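Take a look at the structure set out below.
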Amino acid sequence: MAAIMAARGQGQVQDFDFFVVVDFEATCVKDARIFPQEIIEFPAVLVDGATGRIESAFRRYVRPKHHPVLTEFCRELTGIRQEDVDGGVDLGEALWMHDNWLKAATAGAGSLAVVTWGDWDCRTMLESECRFKGIEKPSYFDRWINLRVPFQAALGGGGRVTLQEAVRAAGLDWEGRLHCGLDDARNTARLLVELMLRGVKMTITGSLAPSPPIQQKQQPPQLLTSPCGGSSALATPLIQQKQQQQQQPQPHMISPCGGTSATCFCYCRVPTRGGVVSMPGPMQGKCFFGCGNWTPAMGPVCPYFVWTN
Ligand code: AMP
Ligand code: MG
Ligand code: MG
């Protein structure tokens, strides 16, 4: 790439020796939420930060535990067949295999950054499933480059550009099948290389708060600093979340604390909803953001919950 970059006259030395582009596919249903959502395809594409070469690719199908039978909608969206996930590994094993592949492909040396299209893969999907299942993941997944950020800075375009639109806007043809995780990751990697060729320096755009130790059942929920500015009870296992939801006063969701949050998304991938605790007690008046799909009749759909003060 050095020669091509010199020809374009815009080369940038990158801060990372390698970029690992990932694009998870997960269980889904049409026009509704699935909970818990689980990863079913774990693909990664390795890009050399100095040469811009796509070096190697990895893929494992992952067997979902909670909704083991894929919906027809999910199979058609992703192209993933039932037998692919039936023969898949569990998420912990996929993470371990990915880590081994990465170590072999990079000779275990050099700095690396995870690249995704959007924040969902690392901030929501992998993080929530690992917490939910008590799986430890390598720390390189705790910070990432959302390629949409440098893409929009370099090529503009207001609104929410899709990956396919971005690839085409950069003058590239889309290759492969949309929503096939490996093809999405390959196209993201091609877009990354194109932006590098155009002289864009890649920097980290998102990260998670440091992970706390997984909690014991009897401990009270530990409040963490959330990336959205509040404190979060995200580490709480599901049983405890259910107990916590029962113990928590039923909040009024339309509140002086800001209503819906435009910048933060719950695990359902919708903007979180703000509320204030109305029940008399020590928490009265405290503001929080919770699941954006919360309704008075059904309560939250996912366990997302952060205090804002
Ligand atoms: P993507 O990386 O855009 O292919 O999407 C990642 C995951 O998001 C998919 O595997 C689905 O679980 C979910 N998803 C994407 N598009 C849709 C959709 N139109 N309806 C429901 N779920 C979707
Ligand atoms: Mg994606
Ligand atoms: Mg995809």
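The values are calculated or read from the model by the stated rules, or taken from the named source; none is laboratory data. Source: prediction; values computed, not measured. Note that each Cβ is placed from the backbone with ideal geometry, even for glycine, and that neighbours are counted across all protein chains shown. Areas reflect the complete protein model, heavy atoms only, side chains present, ligands, DNA and RNA absent. Shrake-Rupley method; radii C 1.70, N 1.55, O 1.52, S 1.80 Å.
Tell me which residues come under 5 Å, amide H to amide H, from Gly292 once H is placed; ignore anything under 5 positions away on its chain.
Residues meeting the criterion, in which the H sits 1.01 Å from N, are Cys266, Cys268, Val270, Arg273.
For the stretch 70-138, rounded, prolate or oblate, judged on the Cα gyration tensor with a ≥ b ≥ c (square roots of eigenvalues), a/c < 1.5 rounded, else prolate if a/b > b/c? Intermediate values should be presented prior to the final figure.
Details: a/c = 1.76, a/b = 1.58, b/c = 1.12.
Prolate.
Using a ≥ b ≥ c from the Cα gyration tensor of the stretch 52-168 (square roots of the eigenvalues), is it rounded, prolate or oblate, where a/c under 1.5 gives rounded and otherwise the larger of a/b and b/c decides, a/b for prolate? Don't skip to the answer; put the middle values down first.
Values: a/c = 1.72, a/b = 1.19, b/c = 1.44.
Since a/c reaches 1.5 but b/c is at least a/b, the shape of the stretch 52-168 is classed as oblate.
Going through the cross-link list Lys103/Lys201; Lys65/Lys137; Lys133/Lys201; Lys103/Lys133; Lys30/Lys65, which pairs have a Cα-Cα distance over 28 Å in this structure? Let's see the in-between values first.
Working: Lys103/Lys201 24 Å; Lys65/Lys137 18 Å; Lys133/Lys201 36 Å; Lys103/Lys133 25 Å; Lys30/Lys65 19 Å.
Over 28 Å Cα-Cα: Lys133/Lys201.
Which value, in Å² rounded to 10, gives the accessible area of Lys30 with a 1.4 Å probe and all protein chains present?
Here the accessible area works out near 130 Å².
With a probe of 1.4 Å, find how much accessible area the stretch 19-111 has per residue, and write the answer as a whole number in Å².
Details: 4170 Å² over 93 residues.
With the other protein chains kept in place, the stretch 19-111 gives 45 Å² per residue.
Over all pairs of distinct alpha carbons, what does the Kirkwood formula give as the hydrodynamic radius of the stretch 1-121, in Å? Could the numbers behind the result be given before it?
Values: mean 1/r = 0.0621 Å⁻¹.
When all Cα pairs of the stretch 1-121 are included, the Kirkwood radius is 16.1 Å.
Report the calculated FRET efficiency for Glu136 and Ile204 (r = Cβ-Cβ distance, R0 = 22 Å), to the nearest 0.05. Numbers along the way, then the final one.
Working: r = 21 Å, r/R0 = 0.96.
It comes to 0.55.
Work out, step by step, the length gained on full extension between Val270 and Glu93: first 0.36 nm times the residue separation, then minus their alpha carbon distance; give nm to one decimal.
Values: separation 177, 0.36 × 177 = 63.72 nm, distance 2.92 nm.
Full extension of this stretch gives 60.8 nm more.
Taking all protein chains as present, what is the carbon and sulfur share of the accessible area of the stretch 7-147, in % to the nearest whole number, probe 1.4 Å? Don't skip to the answer; put the middle values down first.
On the way: 2920 of 6050 Å².
C and S fraction of accessible area: 48 percent.
For the stretch 263-309, take every pair of Cα atoms, bin their distances at 5 Å starting from 0, and report each bin as a whole percent.
5, 24, 28, 24, 14, 5, 0
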